[in-house]
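Before any comments, here is the structure.
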Amino acid sequence: MRNGAGGSGEDREWTVFDGPVDALWIENMNTVLDDNMTLCLANGQRIKLRPEMRMLFEVNDLRVASPATVSRCGMVYLTQEELGWEPYVKTWMTTKFPDDYPLNPVNKEYIMEQFEGTINIGLDKVRSYPLTEPIKTDNLQLVRSMCNILEIFLKDPKTQIKGDDTTQKKDLCAIFAFAYTFGLGSGLSDKSKDYFDSTVREQFKAASYPAGFTVFDYYFNQKEHCFKPWSEKVRDFEFVKEKPFFDIMVETDITYKHGYFLELLLGGGKPIFFTGETGVGKSVVIQNTLNRLAEKDLVPINLNFSAQTDSKRTQDSIGDKLENISRKVLGALAGKRNAVFVDDINMPMVETYGAQPPIELLRLLVDRGGLYERAEWEWKEVTNTTLIACAAPPLGGRSPLCPRFSTNFNLFCLPEATEGLLGTIFTSILGGFLKSWNFAEPVQGLKDMIVGSTIEIYTKISKELRATPSKFHYSFNLRDVSKVVQGILMTKNVSISNPDVATKLWVNEACRVFQDRLTDEEDREWFVNEIMELLSRTFKCNIEKDDIFGSTKVKFGDILKIDAGRVYEEIRDQSKLIKALEGQLEDYNDASTNKMNLVFFEDAVLHILRIMRSLR
Amino acid sequence: MLIGVGGSGKQSLVRLASFMYEFKFKQIEIKKDYKEKDFNEFIKELMMESGVMGKEIAFTMTDSQILKESFLEDINNILNTGEVPNLMIGEDKDYIN
C-alpha cells in the first residue's frame, strides 16, 4: 500500500485481499474504504491513497462481515449456476489440447458432444435424493475432477488411444465413462454409489460395462479394450515373518483402486482428497503408495493436523522440507517431485469468526501455487508440489472445510469395509502367521473363528455401547479389531500348543482391547456374557465361566520368561507369578533411590500385566 | 492410557513394568516457569536418546504435567508421524548426521 501510495502515474493499482473477512481486521480499514481514503496504521502513521488505487476482497461469504464493511464496498455476487460448467470445459479443451496437439479433431468433437450430452444428467443425479456426499462438493469441482482424469489419460503416452477409427471411438467412450464414473461419483457415500451406477450404465451403453458389480468396481483395460474388475489386479497376500505388524497390508480391490488413482493424479500434479470413516484405511493407502513412489522420484512430506495446529506451524513444517530452487521459487530438487500429505486436515480449531487459518494457508498453496515467506512477506512460488489431504467426514472435533479450499480437490470417499472383507483381511494375516510359524494343526483351524468372533464382538460393542458424555471414550473403530489380531501375533507356537489355550488367548486379547476400556461393572458384565455366548456358539468349546472370569482371571504375559526370550504365554501358576513380580520389585528397589512398596493383589497383578502387554 | 483415582498406583506400576523390560522411565520435571521451550528441550533430549542412541524409553506423562495445550500437540505428532516439526535446528541436525 505504502509503495502504491508513493507511486505516481495514471495506471490503476489493485490490491487483492483473498480470504475470509471478519469483523476485526477489516474494521481498521474502514477509513481507507470510505471517502477519506486514508489508511491509519497502529503506529499512528497515515497513508493517503491515490485515486488510482482500488481494493478487491475475495470472500466465500459475508456471514461475519459487519454492516460497516459491507456498506463501504460494491458487491459482485458470482454463482456457479450462472457460470455453469461449459466455459470451464471449453477452456480446458483449448488450453490442454491446442490445435497442434496430436489428438484427432474427430475425437475432440466426440468428447465435447459427450460432455454436452451427459454431464447435466450426472450432476442432477448426484444432487438428487437420496444420494449423499460425506464431504460437500460443488458441480464445477466434479466436472474439474473428471477433466483431470480424462486429461491424464489422454496425455499419457502409455494410455493414449490408438488404432483405427472405430476402436478409437470405442476406447474413447469407455475412457470417458471411466472418468465420468470416478470424476463425478467418487465422492458419493457407499449406498449412493449404487444409485449412481444405473445412471452411468444408461448413458454409456456403448462402453459395454459387464454386469455383476457396480461401475465403480471396473477399470478399463486398454490392451483388451474392455472393462475388467479391479479385484483381478489384486495380488495375493503373502505373510512375511520379519515384517512389523504395522507394516502389514492386505491388498484389496478398494486399496488397489485408490492407490491407483492416487498415483495417477499425483502423476498429473492434481490435488487429491481422501475421505471415509475412521479405520477404513485412508492413511494406509496413501502412506503405502507414497512409500512405493518414494523409491522412484517422490519426496513425501507428512503432516498431521490436530485441534491445536496453527498456520505458522503448518508453514514451518512444509517450508522446512521444500528446497530453495531460486530466490523466489521453492520446490523439489531436479528430477524429484514433492507430495505434501496432510492427515486429519479438518481437525484445526475454528476461530471465533469461522475460519481455519491453517486451511487458508494451504488454500494459497493449492489455489495460487505459493506462500508468503514470513520474514519479509515476500511471495514465494512453490513448484512441483502436490497436496494430498485426508480426513474423516466432519463430526465431533472435525469441522466442515471452507468450500473455496475443498473445491480444488479430486475427492474420493473410501467405502466402509464389509464384514466379509474384514474377515478375509484378518484371516489371511492370522492364517499366514500361524502357518509360517508352524502352529499345531488344530490351532490353525481356529483362525476363522477367532477372526469371525472378533469382528462380531466389535460390531456388537460399537452398536450397543455408545459413547455418552460420561463415557466419551467408548469409541471403537477398526483399529481395535486389528489390535486383537496383533495381540495374537505376539505368541510363539510352543506356548500355544492346543486349541484351548488358543481360545483363552483370544479371550484375553479381546478383553484387553475392549473390556479394559469399559468403566462400570454393568458394561463389563455385558461383555463377559457376550464372550461366553461366542465361546459356546462359535468355538463350541466347554471352558467354564469360572475358569476365565472367576476369582482368578485368565492371564497372559511374558513375565515368567522375561530373561529367556520374553515368551508371551498363559500364566496359570499364581504363586510363581507373584514370586516373579516380587523378585523384580526387589531388583528395582536395589537399583533405584526411590523405593516402592507394592502389594501384588489380583487387581494390581492384572494391571501390571496390561501395562507390560502394551509396552512389549 | 491409564485411568484411575489418584493414589491407586498407576505410576508405580508403570515404573515397575518398564524396569522389567529395562526401559528407561522418563518424565518431565515441572519447575517454576516451565514453558514450551523447556518442553521442547525435553522432547529433543528424548528423541536424541531414543532415536540417535537407540535406547528404549517409557515416556510417561500425567494430567498435571500438561501445562500447555501445545504439549499435547507435540505428543500427538509423535504418536502419529513419529516426529515433531521444527524441533531440531541446524546444529542438532549436524550432530545427528
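Report the gain in length on full extension from A:Phe245 to A:Leu421: 0.36 nm times residue separation, minus Cα-Cα distance, nm rounded to one decimal.
Computed gain between A:Phe245 and A:Leu421 is 61.5 nm.
Sorted by average packing, counted as other Cβ atoms within 10 angstrom per residue and highest first, what order do A:382-389, A:68-75 take?
The densest-packed peptide leads the list: A:382-389, A:68-75.
Give me a comma-separated list of calculated 3J(HN,Hα) values for the stretch A:44-61, in order, Karplus coefficients 6.51, -1.76, 1.60 applied at θ = phi - 60°, integers in Hz, x for any Gly or Pro.
Values per residue, Gly and Pro as x: x, 6, 10, 10, 8, 7, 7, x, 7, 8, 10, 10, 10, 10, 10, 10, 7, 8 Hz.
Are there chymotrypsin sites (Phe, Trp or Tyr not before Pro) in the stretch A:457-488 that DSSP puts in a loop and that have at most 12 other Cβ atoms within 10 Å, and which ones?
Taking the stretch A:457-488 and a limit of 12 other Cβ atoms within 10 Å, the loop chymotrypsin sites (Phe, Trp or Tyr not before Pro) found are A:Phe472.
Is the stretch B:10-96 best put as rounded, prolate or oblate by its Cα gyration tensor, with a ≥ b ≥ c the root eigenvalues, rounded for a/c under 1.5, and otherwise prolate when a/b is larger than b/c, oblate when not?
oblate
Tell me the angle of helix A:190-203 to the major Cα principal axis of chain A, expressed in degrees between 0 and 90 and rounded to the nearest ten.
That helix lies at roughly 50 degrees to the long axis.
Take the Cα gyration tensor of the stretch A:2-77, multiply each eigenvalue by 5, square-root it, and list the three semi-axes largest first, rounded to whole angstrom.
Each semi-axis is √(5λ); the values are 22, 15, 10 Å.
Just check the stretch A:233-327 against the gyration tensor rule for me: Cα atoms, a ≥ b ≥ c as the square roots of the eigenvalues, rounded for a/c under 1.5, and otherwise prolate or oblate depending on whether a/b exceeds b/c.
The shape class here is prolate.
Only residues of the stretch B:69-97 count here: report those whose backbone N is under 16 Å from the spot 7 Å along Cα→Cβ of A:Asn291, or say none.
Those under the cut-off are B:80-83.
For A:Cys541, A:Cys511, what ranking results if the residue with the fewest other Cβ atoms within 10 Å of its Cβ goes first?
A:Cys541, A:Cys511
If amide hydrogens are placed 1.01 Å from N in the peptide plane, which non-local residues have theirs closer than 5 Å to the one on B:Lys26?
Correct list: B:Ala58, B:Phe59, B:Thr60.
Mind giving me the FRET efficiency for B:Ile66 and A:Ala591? R0 is 22 Å, r the Cβ-Cβ distance, nearest 0.05 is fine.
The calculated FRET efficiency here is 0.15.
Given charges of +1 on the Cβ of Lys and Arg and -1 on the Cβ of Asp and Glu, with all other atoms neutral, how large is the dipole of the protein assembly as shown about its Cα centre, in debye to the nearest 20?
520 debye
Cα atoms only, the stretch A:84-233: Rg and Dmax in Å?
That works out to 15.0, 45 Å for Rg and Dmax.
Count, for each residue of A:557-565, the Cβ atoms from other chains sitting within 10 Å of its Cβ, then give me the mean as a whole number.
1
Using the structure shown, list the pairs from A:Lys233/A:Lys282; A:Lys463/A:Lys483; A:Lys193/A:Lys282; A:Lys435/A:Lys504; A:Lys191/A:Lys447 with a Cα-Cα distance above 25 Å, or answer none.
As for pairs spanning more than 25 Å Cα to Cα, those are A:Lys191/A:Lys447.
Sequence-distant or interchain residues sharing an amide H contact under 5 Å with A:Thr15, placed H: which?
Placed amide hydrogens put A:Arg54, A:Met55, A:Leu56 under 5 Å from A:Thr15.
Rounded, prolate or oblate: which fits the stretch A:419-615, taking a ≥ b ≥ c as square roots of the Cα gyration tensor eigenvalues, rounded meaning a/c under 1.5, else prolate when a/b beats b/c?
Cα axes put the stretch A:419-615 in the oblate bin.
In what order do A:Thr491, A:Thr519 fall by count of nearby beta-carbon atoms within 10 Å, going from fewest to most?
Ascending number of Cβ neighbours within 10 Å: A:Thr519, A:Thr491.
Determine the gain in length on full extension of the stretch A:Asp100-A:Ile562; use 0.36 nm per residue of separation and subtract their C-alpha separation, reporting nm with one decimal.
That works out to 159.0 nm of additional length.
Which value, in debye to the nearest 20, gives the size of the charge dipole of the stretch A:419-615 about its Cα centre, when Lys and Arg are +1 and Asp and Glu are -1 at the Cβ?
The calculation lands at about 540 debye.
If you take the beta carbon distance between B:Tyr21 and A:Trp379 as r and set R0 to 45 Å, what does 1/(1 + (r/R0)^6) give as a FRET efficiency, to the nearest 0.05?
Here the calculated transfer efficiency is 0.30.
Given 4 °C and 1.567 mPa s, how large is the Stokes-Einstein diffusion coefficient of the stretch A:329-380 in µm²/s, with Rh as the Kirkwood radius over Cα pairs?
100 µm²/s
Projecting each Cα onto the charge dipole of the stretch A:419-615 (Lys/Arg +1, Asp/Glu -1 at the beta carbon, about the Cα centre), which of A:Ser470, A:Leu560, A:Val484 comes out farthest on the positive side?
Result: A:Val484, furthest along the dipole toward the positive end.
Within the stretch B:22-97, how many Lys pairs that are eight or more residues apart, or on different chains, come under 17 Å at the alpha-carbon?
Total qualifying Lys-Lys pairs in the stretch B:22-97 comes to 11.
Which whole-number percentage describes the relative contact order of chain A, with Cα contacts under 8 Å and a sequence gap of 6 or more?
Contact order relative to length: 10 percent.
Which order do A:Tyr209, A:Tyr195, A:Tyr180, A:Tyr372 fall in if you start with the one that has the fewest other Cβ atoms within 10 Å?
If I rank by nearby Cβ atoms, fewest first, I get A:Tyr372, A:Tyr195, A:Tyr209, A:Tyr180.
Might you report the magnitude of the Cβ-based charge dipole of the stretch A:381-451 about its Cα centre, with Lys and Arg at +1 and Asp and Glu at -1, to the nearest 20 debye?
For the stretch A:381-451, the charge dipole is close to 160 debye.
Whole angstrom only: what separates the Cα centroid of the stretch A:305-351 from the Cα centroid of the stretch A:65-82?
So the separation of the two Cα centres works out to 32 Å.
Starting at the first residue of the stretch A:217-232, write each ³J(HN,Hα) from the Karplus equation 6.51 cos²θ - 1.76 cosθ + 1.60 with θ = phi - 60°, in whole Hz, x for Gly and Pro.
Each residue's phi maps through the Karplus curve to give 8, 10, 10, 9, 8, 6, 5, 9, 6, 7, 7, 10, x, 4, 4, 5 Hz.
Across peptide B:65-71, what mean number of C-beta atoms from other chains lies inside 10 Å of a residue's C-beta?
So the per-residue partner count for this stretch is 1.
If each residue of separation counts as 0.36 nm, what is the full-extension length gain between A:Arg2 and A:Ser198 once their alpha-carbon separation is subtracted?
64.6 nm
Quick one: Debye curve from the C-alpha atoms of the stretch A:242-285, no solvent, what's log10 I(q)/I(0) at q = 0.23, 0.33 Å⁻¹?
-0.88, -1.20
Step through the residues of the stretch A:396-402 one at a time and calculate ³J(HN,Hα) from phi using the Karplus curve (6.51 cos²θ - 1.76 cosθ + 1.60, θ = phi - 60°), rounding each to whole Hz and writing x for Gly and Pro.
Result, rounded to whole Hz: x, x, 8, 10, x, 7, 4.
Return the average number of partner chain Cβ atoms within 10 angstrom of each residue Cβ along peptide B:75-85.
5
So, counting K/R as plus one and D/E as minus one, what does the shell of residues with Cβ under 14 Å around B:Glu69 add up to?
Local charge sum for B:Glu69: -2.
For a protection proxy built on the mean count of beta-carbon atoms within 10 angstrom, sort B:74-83, A:447-456 highest first, please.
A:447-456, B:74-83
Give me D for the stretch A:270-413 in µm² s⁻¹, whole number, from Stokes-Einstein with Rh from the Kirkwood sum over alpha-carbon pairs, 37 °C and 0.692 mPa s.
Taking Rh from Cα pairs, D becomes 211 µm²/s.
What percent antiparallel are the DSSP beta bridges of the stretch A:333-417, to the nearest 5?
40 percent
Between A:Val350 and A:Tyr260, what is the spin-label point distance in nm, taking each point 7 Å from the Cα along the Cα→C-beta axis?
3.7 nm
What aspartates and glutamates does A:Lys553 reach when the alpha-carbon gap must be under 12 Å and sequence neighbours fewer than 8 apart in one chain are set aside?
Qualifying aspartates and glutamates at Cα under 12 Å: A:Glu544, A:Glu570, A:Asp573, A:Glu602, A:Asp603.
In Å and from the alpha-carbon atoms only, list the Rg and Dmax of the protein assembly as shown.
Rg and Dmax of the protein assembly as shown, Cα atoms, are 30.0, 95 Å.
Readers should treat all values here as calculations from the given coordinates under stated rules, not as data from a laboratory. Nothing here was measured: the structure is a model prediction, and the numbers come from that model. Positions of Cβ are backbone-derived with ideal geometry, glycine not excepted, and every protein chain shown enters the neighbour counts.
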